[in-house]
1. Among what's in segment 14-39 and is among the hydrophobic types (A, V, I, L, M, F, W, C) and open to solvent by less than 20 Å² (accessible area, probe 1.4 Å), pick the residue that is nearest to GLN50 (Cα to Cα).
2. Going by what's in this entry, would SER14 be described as within 19 Å of GLN100 (Cα to Cα), in contact (Cβ under 8 Å) with a residue 40 or more places away in the chain and touching a helix residue (DSSP H, G or I) at 6+ places or on another chain (Cβ under 8 Å)?
3. State yes or no: is PRO58 open to solvent by 20 Å² or more (accessible area, probe 1.4 Å), closer than 22 Å to SER105 by Cβ and in a strand (DSSP E or B)?
4. State whether the residues of segment 85-101 include one that is in contact (Cβ under 8 Å) with a residue 24 or more places away in the chain and open to solvent by 80 Å² or more (accessible area, probe 1.4 Å).
5. Could you tell me how many of the residues in segment 17-51 are in contact (Cβ under 8 Å) with a residue 40 or more places away in the chain and of a type in the set (Gly, Ala, Ser)?
6. For residues in segment 25-55 being of a type in the set (S, T, N, Q), farther than 20 Å from SER102 by Cα and part of a strand (DSSP E or B), which is modelled with the lowest pLDDT?
7. Determine, yes or no, whether ALA11 is in contact with a Leu (Cβ under 9 Å, 6 or more places away or on another chain), at pLDDT 95 or above and of a type in the set (A, V, I, L, M).
8. Given the structure, is VAL71 outside any helix (DSSP H, G or I), surrounded by 16 or more Cβ atoms within 10 Å (Cβ to Cβ), modelled with pLDDT of 95 or more and within 10 Å of the chain's Cα centre (by Cα)?
Amino acid sequence: MVTRKFPRYPAEISSILMQRDRLKYNAALRDLSVKGCRVDSVIRPFTGMQLEVSLQLPGEAAPIIITNAAVRWTGSHGIGIEFLTIAPPQLERLTHLITQLSSASHAA
């Protein structure tokens with residue numbers, strides 16, 4: 001069993017993974033924490049691959065952008081991504097989203 005520093009919450013959020021060479025791939029975010037996420041995507045990245053992650057939130061014009069993230073694992077359950085650096089305004093939005101997800105998971 002994996003012990004996590006930050007709890008992950010189930011989510012269904014459209015996202016875009018962008019490699020350093022600027023290739024973009026659609027992905028479906030399945031769970032989220034303040035330090036990472038799990039996504040489903042057609043790409044099979046290698047562990048350590050550097051990415052930018054864009055979270056397209058429903059009803060919001062601008063996505064949450066995590067400019068510095070890395071693939072930590074890949075497998076049949078998707079891709080595990082660690083957020084390495086998040087700009088303060090993006091972190092504030094991400095924290096707000098996680099608070100909403102936490103409230104929803106406790107209400108269910």
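The values are calculated or read from the model by the stated rules, or taken from the named source; none is laboratory data. Quick caveat, the model's predicted, so the values are computed rather than measured. Positions of Cβ are backbone-derived with ideal geometry, glycine not excepted, and every protein chain shown enters the neighbour counts. To get the accessible areas, we keep the full protein, side chains included, count just its heavy atoms, and leave off ligands, DNA and RNA. Shrake-Rupley method; radii C 1.70, N 1.55, O 1.52, S 1.80 Å.
1. Per the criteria, the residue is LEU17.
2. On the way: within 19 Å of GLN100 (Cα to Cα): yes; in contact (Cβ under 8 Å) with a residue 40 or more places away in the chain: yes; touching a helix residue (DSSP H, G or I) at 6+ places or on another chain (Cβ under 8 Å): no.
No, not satisfied.
3. Details: open to solvent by 20 Å² or more (accessible area, probe 1.4 Å): yes; closer than 22 Å to SER105 by Cβ: yes; in a strand (DSSP E or B): no.
No: the conditions fail for PRO58.
4. no
5. Counting residues in segment 17-51 that are in contact (Cβ under 8 Å) with a residue 40 or more places away in the chain and of a type in the set (Gly, Ala, Ser) gives 3.
6. The initial filter retains those residues of segment 25-55 that are of a type in the set (S, T, N, Q), namely 26, 33, 41, 47, 50, 54.
Pick out the ones that are also farther than 20 Å from SER102 by Cα and you get 26, 41, 47, 50, 54.
Applying the additional criterion that residues be part of a strand (DSSP E or B) yields 26, 41, 50, 54.
Values: ASN26: 93, SER41: 90, GLN50: 95, SER54: 96.
Per the criteria, the residue is SER41.
7. On the way: in contact with a Leu (Cβ under 9 Å, 6 or more places away or on another chain): yes; at pLDDT 95 or above: no; of a type in the set (A, V, I, L, M): yes.
No, not satisfied.
8. Values: outside any helix (DSSP H, G or I): yes; surrounded by 16 or more Cβ atoms within 10 Å (Cβ to Cβ): yes; modelled with pLDDT of 95 or more: yes; within 10 Å of the chain's Cα centre (by Cα): no.
No, not satisfied.
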